[in-house]
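Everything on this sheet refers to the single structure shown next.
The values are calculated or read from the model by the stated rules, or taken from the named source; none is laboratory data. Just so it is clear, the structure is predicted and the values come from calculations on it, not from any experiment. Methodologically, a virtual Cβ is constructed for each residue, glycine included, from the backbone with ideal geometry; neighbour enumeration extends over all protein chains shown.
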Amino acid sequence: MEKDFISGERITQYLPQRFPFLLLDQITSFEKNEWAKGCKVIAAKEPFLLQDTEQNWPSELVIESLGQLTIALINVSNDADKAPQILLGSISGVTQHAPIPLACRLDMSVRLEVLSEDSFVTSGFAEVDGTRVLTMDSLVAKIIKE
């Protein structure tokens, strides 16, 4: 298991997303090509939520955060100079167990179920204060190497 966590500017080495679309603040632990844990601190007022009346974080953004954590895991595990592009294929078995409040820390965990040279399948979940708020049975994606 890797002990050093990855945050801040180092995250941007492994992901193409930038603020406000970067939805992963830190990789807290990982095992190369196996699994990763990370977090996203959700602010009380996020810049891209259109209505001030929003009380909960959209589950679609949790799925995006899980995807970004998986992509960061693949890229941190890759010894190549340039990270490959990832093309999302499908998502299945998503269950939202509880609302995700604003102004909280979203803790996430992903596991690579299948990893080949040109694709991967991952599963994962997200928690707030130790309570599971979302599970994702599978996310399938293609790895595009240039």
> Looking at (1) among the aliphatic types (A, V, I, L, M); (2) over 27 Å from GLN96 (Cβ atoms); (3) part of a loop (DSSP other than H, G, I, E, B); (4) at pLDDT 80 or above, can you tell me which one ALA83 breaks?
Replying inline: (4)
> Out of all the residues in segment 87-146, which are closer than 21 Å to GLU31 by Cβ, loosely packed, with under 12 Cβ neighbours inside 10 Å and hydrophobic (A, V, I, L, M, F, W, C)?
Replying inline: VAL114
> Pairs under 9 Å by beta carbon, first residue closer than 13 Å to LEU66 by Cα in segment 121-141, partner of a type in the set (Asp, Glu) and crowded, with 16+ Cβ neighbours inside 10 Å, six or more apart or different chains?
Replying inline: ALA126/ASP107; GLU127/ASP107; VAL133/GLU127; LEU134/GLU127
> Where residues in segment 1-46 are among the polar types (S, T, N, Q) and assigned to a strand (DSSP E or B), which of them is nearest to ASN78 (Cα to Cα)?
Replying inline: SER29
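One line per residue, one yes/no per condition, for (1) at pLDDT 95 or above; (2) more than 22 Å from GLN96 (Cα to Cα):
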{"site": "THR12", "(1), (2)": "no, yes"}
{"site": "LEU15", "(1), (2)": "no, yes"}
{"site": "ASN33", "(1), (2)": "no, yes"}
{"site": "GLY38", "(1), (2)": "yes, no"}
{"site": "LYS45", "(1), (2)": "no, no"}
{"site": "TRP57", "(1), (2)": "no, no"}
{"site": "LEU61", "(1), (2)": "no, no"}
{"site": "LEU73", "(1), (2)": "no, yes"}
> Among the listed residues GLU146, GLU113, GLU117, which satisfies the condition of being more than 13 Å from the chain's Cα centre (by Cα) and assigned to a strand (DSSP E or B)?
Replying inline: GLU113
>> Can you tell me which residue is nearest to ILE144 (Cα to Cα) among those in segment 86-100 that are modelled with pLDDT of 90 or more and assigned to a strand (DSSP E or B)?
In response: SER90
> Looking at segment 16-33, which of the residues that are charged (D, E, K, R) and either without any contact (Cβ under 8 Å) to a residue 12 or more places away in the chain or touching a strand residue (DSSP E or B) at 6+ places or on another chain (Cβ under 6 Å) (or both) is surrounded by the fewest Cβ atoms within 10 Å (Cβ to Cβ)?
Replying inline: ARG18
